[in-house]
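See structure below.
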Amino acid sequence: MRFRIYRYDPERDSAPRMQDYELDDALIEPGMMLLDALLLLKAQDDSLSFRRSCGEGVCGSDGMNINGRNGLACITPLAGLSEPVTVRPLPGLPVIRDLVVDMGPFYRQYRSIRPWLQNDEPVPEVERRQTPAERARLDGLYECILCACCSTACPSFWWNPERFLGPAALLAAARWIEDSRDRATEARLDDLDGPWRLFRCHTIMNCTEVCPKGLDPSGAIARIRRRMLREAL
Amino acid sequence: MSRRASGLRAWAVQRLSALYLALFVLLLTGKLLLAPPADAAAWRAWVARPAVNTAFGLALAALLLHAWVGVRDVILDYVHSPALRLALLALVLLALAAFAWWGLRILVGLT
């Protein structure tokens, strides 16, 4: 099986290049994922760098651009990929080396939405309880693994990564805005108003299209807009 | 044009103006297809009717507001130098103001 992989070591190379790799078909087993193939290629060429950890789509470490589409290498079956399998780092983030990108700008936007429960009321004797209906509002919002596949597929995030939060951070914002136990809803909504942080979103929906966990950041952003509108009227 | 410039308001204006324009264009097309005015004089007389004149006035306002939000979006997306951005936004605003004046003169001139 043939692969074309993005290679770049900023300390040594003047420019990135695409390197061809060949993997012996005898090594490929049915049901193998792209990450397994990358590990076999790394055994051939140990200078090839990429991130990986859990290997089963839970940690979100191995987000990369696979044949032009962002996804997690560990849950992308080799069988469905056309050859040569072209693998590039997530677009729009600075490359540290090969497929390893600097997630700093992505995490900064995530941190800026204060992704924690804000509630200054006295701590109750028992947990802060929710009804099943209140809890259900968090479904589809809390499952994000912060792999950055969505934000780095978003043109608005490419153009304005410092000012536009990007779909992942906005999904997280929706998760806290919807939380019945949170008391900072008003401040959270105010923080998202203005032309930059949320409203650079033009409903392109690449985020929903690529999310490897099947979440709907685009829908979450629409929910925030509706909520803002309701509060404003 | 950054921190407290409108986000939600601009977005709502864009949606509302789109709604009005869609309805207006549909009705106008229907009128022109089903009961077209016989000549220029009939057309002028029709547009001079207060209800029609108001509808055209609202359409002009909706069109200008819609254009402002849309062009502003494009400039905010792609123009990253603050000075150039401000200059372009001012230019667009100036052009839209000129269109508003021109359109209003025509509409008022007919009544």
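The values are calculated or read from the model by the stated rules, or taken from the named source; none is laboratory data. Given the structure is predicted, the values throughout are model-derived calculations rather than measurements. We place every Cβ from the backbone using ideal geometry, glycine too, and count neighbours over all the protein chains shown. For accessibility, only protein heavy atoms count, side chains too; no ligands or nucleic acids. Shrake-Rupley method; radii C 1.70, N 1.55, O 1.52, S 1.80 Å.
Odds and ends about this structure:
- So B:Arg9, is it basic (Lys, Arg), out of contact with any Leu (no Cβ under 6 Å at 6 or more places or on another chain) and within 14 Å of chain A (Cβ to nearest Cβ): yes
- Residue within the range A:151-161 that is within 14 Å of chain B (Cβ to nearest Cβ), over 16 Å from A:Thr208 (Cα atoms) and open to solvent by less than 20 Å² (accessible area, probe 1.4 Å) present: yes
- Hits in the range A:92-115 (condition: open to solvent by less than 40 Å² (accessible area, probe 1.4 Å) and within 28 Å of A:Ala37 (Cβ to Cβ)): A:Leu93, A:Val95, A:Asp98, A:Leu99, A:Val100, A:Val101, A:Met103, A:Phe106
- Some residue of the range B:72-81 being within 28 Å of A:Arg200 (Cβ to Cβ), within 14 Å of chain A (Cβ to nearest Cβ) and touching a Phe, Trp or Tyr at 6+ places or on another chain (Cβ under 6 Å): yes
- Summed over the range A:116-133, the residues that are open to solvent by less than 90 Å² (accessible area, probe 1.4 Å) and touching a residue at least 60 places away in the same chain (Cβ under 8 Å) give a count of 4.
- Here A:Thr86 fulfils each of the conditions (1) farther than 24 Å from A:Cys147 by Cα; (2) part of a strand (DSSP E or B) apart from (1).
- Candidate set: the range A:82-91, residues that are more than 24 Å from A:Leu170 (Cα to Cα) and not charged (D, E, K, R); chosen: the one surrounded by the most Cβ atoms within 10 Å (Cβ to Cβ): A:Val87
- Any hit, the range B:17-38, residues being touching a residue at least 40 places away in the same chain (Cβ under 8 Å), within 14 Å of chain A (Cβ to nearest Cβ) and under 24 Å from B:Ala98 (Cα atoms): yes
- Scanning the range A:18-65 for residues that are assigned to a strand (DSSP E or B) and crowded, with 19+ Cβ neighbours inside 10 Å yields A:Tyr21, A:Met33, A:Gly63, A:Met64, A:Asn65.
- Scanning the range A:141-155 for residues that are under 24 Å from A:Thr76 (Cβ atoms), in contact (Cβ under 8 Å) with a residue 60 or more places away in the chain, in a helix (DSSP H, G or I) and of a type outside the set (Val, Ile, Thr) turns up at least one hit.
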